[in-house]
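The structure appears below as structure tokens.
Rule-based calculations on the coordinates, nothing more; no lab input. The model shown is predicted, which means the values in this text are computed figures rather than measured ones. Because the Cβ atoms are built from the backbone with ideal geometry, glycine has one as well, and the counts that use them run over all protein chains shown.
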Amino acid sequence: MKYLNKKFIRDIMQQWKQFVSVLIMALISVSIYCGMSSVWTGMDESYTDYKEKTNLADAYINGANISDEDISNIKKLPYVNQAEGSMFVKFNTKIDNEDSELYINSFTSSTKKLMNPLLRSGHPLKDDEEGIWIDEDYAKMHNLKEGDKIVLEFKGIKKKVKILGTVLDAENIYFITSYAETVPDHKLHGYAYISEKYINKILGTVSYNQVRIDLPEKSVSKSKLETDIKRIMGDSFSSVVMKENKISITQVDEEINQIHKMAMLFSIVFILLSILSIYTTMSRLISNQMVQIGTLKSLGFYDRQIYFHYGAYGFLVAIIGSLVGVIFGYTVVANLVMNIKKATLTLPIWKKSFGIDSMILIVLIVTVCTLAAIITTRKVIKNNPSFTIKGMLDKKSSGPGIYKRSRLSYDWLWTLRSIRIHPIRTFMSITAIVGSIVLMVAGLGVWDSLYSSYQDVYNNEFCYKYIGQVYGESYNNLSRKFNSFDVQFAQSETADFSFHGIEKSGSLLVLDSGDKIRIFDAKSKKKIRIEKDEVAIASQLAEKLDVKVGDKIAYKTKSSLNEHRVTVTAIVDAKMPQGIFIYKDKVKNFEPNTIYIGDSEAYEQAKKEESISNIISIKKQQDNMKEMMDSVHSIMYILIVAAFVLSVVILYNLGILSYLERYREYATMKVIGFKHSEIMGMVFKESVLNLLTGFVIGIPLSKQFLKLYIRVVSMDSMEWTPIITKDHFLIVIFCVIGFSVLVNLVVSMRIRKIDMVEALKSIE
């Protein structure tokens, strides 16, 4: 075997470029998938552990003036393991002359059974301490630390309190205060904890307005829980929010799933293209060893020795590429993605986890490489030895066929014959072109789709200058106060929609007259007046529910146990929010919680109103949205670069292997007098045919894949319209053409340097 080992090393050295190309294909596929997989798996594990450590409740009951008796009765429900009341109060504060808000939870020693924020610095939470524990992100943003004092303000009451420490809580991992915020703004909003004794000392005796409950594993339904709580609390009851519906929790799950889906679908195309190319490459490399295999057989080497020798080619290059890919993916790709996500999410521990799916991928690639080598070796071993030793397979001639009678020129006949007798080579060349187009269109298309949707939202749908939250004031009073101002009021709520057994969550937006929120018919694209079309549904939600104009759908909001039914009068092309739009006269009690402000005059008036808070500009909203977009774009950068590199490697590799297969054919043509330009003309014609075929298949396929990709990776809160700009599409086309031209130039240089005598030595 030592002779075979020497040959093995020599072959690797002589054909190192081809082996390196296989290694790179394995490396890219494994690194992208394993890197992304380790992030979403690690985030999921970290978040699960985080929720367990902070004793996350299973459900949250909201209300007013909740008594100890109410809580005691809730505890008596047969399916409730634990119930604890708390106060949730919004305080205003000013730090460095900048206004901000702290949403404060009260706690007792028993409350921490269902609310146990993770201490990051300072003193442990104790119910006899007079001070405040604040959100770590809020503290960092304002340069606050243990021992500093801040002034809290609530309805005319001002109190300077001492910071006792910083905390993180899984309840508020994605802390936003209204649907108007797309990402957390730690400068404007934060959460905090004060002992029940101390908050009563500051404000006087305050009733509970929130109850956290722990449910058994076989949980009760939300409707059953709502009915029982309503019976116990009566008018004090407001709503029930299940853990799986709490926005700060669901948003994290959605972010993790988005990474998963972005990587998964992209990687499937990635991996399939790589595996096909790897298989073809290994097959051709072994086929080019036909004479050597025949010689080894004639020298008396056993079949199993030859199988092992050539199988080791595929195994070694695949295992090295996969292991390097794992290391690169785990250290570089994963860290890049994690750093991107750290901008919007806060976890106490960020970890990476190597999942079983990554191991399966490695095994698959190694198996494909090894089998490709063994299968090709078997074909040669089973061949007639008299043919094998000459470097030929024992097969019937394809015959002159149509070519003998054709009026086509010789170069076209040569091109068509080459395509006919080498169908696998042609198939892989076309597949590589199609795959390259699909991957690059998907990568750049996600970018364009998200940006286009963003532009639609802020140029066409949202036509206000400021947005604010409204608390505790009737619509009649508000409309009277703002009668002469450019504003529009809305009641925005999360709702559960159902139609013929299909249930989906979304937004319910009840609007009064105005044009600050504009919606457009999905088909005609004409603007819809909500006063006339009383119930409009976003097209994405309509598709999920299988709803058409004229259908009656049911909905239930957090604030009401009653189910409402409305008839859909229009399906609209609305990017966000995703839900239904209803005119105020269509609901029984219109209680606005949102104000859309059209100009600076109305803005100044809104600032004077105690019932209006959290006023932010549309520019701030856009900045928040851009932050979210940048997160997606940055991840797509990684995938786009990987797609470009993979495309170059595959096309280059296939071109070089094609040259090696035709090495003696090119030499023969040069011997009988063909000019270099004539030979390259024939090579170019074949390349053009492959390119054209690839474009014919790849362009429509890439557009369909982009639609599928956008559908899979888009979030429920916003609809993305699949689109790729002409500029980006031209970039894809020119890149693929450029890669092909580059390969042809390399082949041209190699053909020019062919040693005709050496190349034809083995020909009889």
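Along the axis of the charge dipole computed for region 515-615 (Cβ charges of +1 for Lys and Arg, -1 for Asp and Glu, origin at the Cα centre), the listed residues H564, I553, V587 are led at the positive end by I553.
In order along region 653-664, the Karplus-derived 3J(HN,Hα) couplings, from 6.51 cos²θ - 1.76 cosθ + 1.60 at θ = phi - 60°, round to 5, 5, x, 5, 5, 4, 4, 4, 5, 9, 3, 5 Hz, and Gly and Pro are given as x.
Relative to the longest principal axis of the Cα atoms of the chain, helix 303-328 runs at roughly 30 degrees. Charge tally around Y138: other residues with Cβ under 11 Å, Lys/Arg +1 each, Asp/Glu -1 each, net -3. Counting beta carbons within 10 Å around each of L416, L730 and listing the fewest first gives the order L730, L416.
Scalar couplings 3J(HN,Hα) for region 357-364, obtained by applying the Karplus form with A = 6.51, B = -1.76, C = 1.60 to θ = phi - 60°, are 5, 5, 5, 4, 4, 4, 4, 4 Hz; x denotes Gly and Pro. Checking the cross-link pairs K465/K523; K246/K527; K352/K626 against a 30 Å limit on the alpha carbon distance flags K246/K527 as lying beyond it.
Between the alpha-carbon centres of region 269-300 and region 74-150 there is a gap of 65 Å.
Once both labels are positioned 7 Å from their Cα atoms along Cα-to-Cβ, the gap between S634 and N143 label points is 2.4 nm. Here the sum of -39500 (n - 2.57) over DSSP H runs of 4 or more residues, divided by the residues of the chain, equals -17500 deg cm²/dmol at 222 nm, to the nearest 500.
Each Lys or Arg adds one and each Asp or Glu takes one away; over the other residues whose Cβ falls under 10 Å from the Cβ of Y103, this sums to -1.
Distance from the Cα centroid of region 574-642 to that of region 164-235 is 23 Å (rounded to whole angstrom). All other residues with a Cβ under 15 Å from the Cβ of S429 taken together, and with Lys, Arg as +1 and Asp, Glu as -1, what is their net charge? Summing Lys and Arg as +1 and Asp and Glu as -1 gives +3.
Spatially, region 346-375 and region 689-754 are offset by 27 Å when compared through their Cα centroids. Computed from point charges on the beta carbon alone (+1 for Lys and Arg, -1 for Asp and Glu), the dipole magnitude for the chain about its Cα centre is near 4300 Debye. Listed values for region 486-492 are Karplus-derived 3J(HN,Hα) couplings in whole Hz (6.51 cos²θ - 1.76 cosθ + 1.60, θ = phi - 60°), namely 7, 9, 9, 9, 8, 10, 10, and x replaces Gly and Pro. Ranking of L745, L706 by neighbouring Cβ atoms within 10 Å, starting from the fewest: L745, L706. I'd like the orientation of helix 2-14 relative to the chain: the angle between its Cα long axis and the longest Cα principal axis, in ° from 0 to 90, rounded to 10. Value to nearest ten degrees: 70.
Checking the Cα-Cα distances for K222/K351; K53/K261; K17/K726 against a 31 Å cut-off, the pairs over it are K222/K351; K17/K726.
As a calculated quantity, the FRET efficiency between I699 and V587 at R0 = 51 Å, using C-beta atoms, amounts to about 0.60. Footprinting exposure proxy ranking of D214, D585, D185, fewest other C-beta atoms within 10 angstrom first, gives D585, D214, D185. Set the Cα radius of gyration of the chain against 2.2 N^0.38 Å, with N its number of residues, and you get 1.23.
DSSP finds beta bridges in region 54-250, and of those with both partners inside it, around 75 percent are antiparallel.
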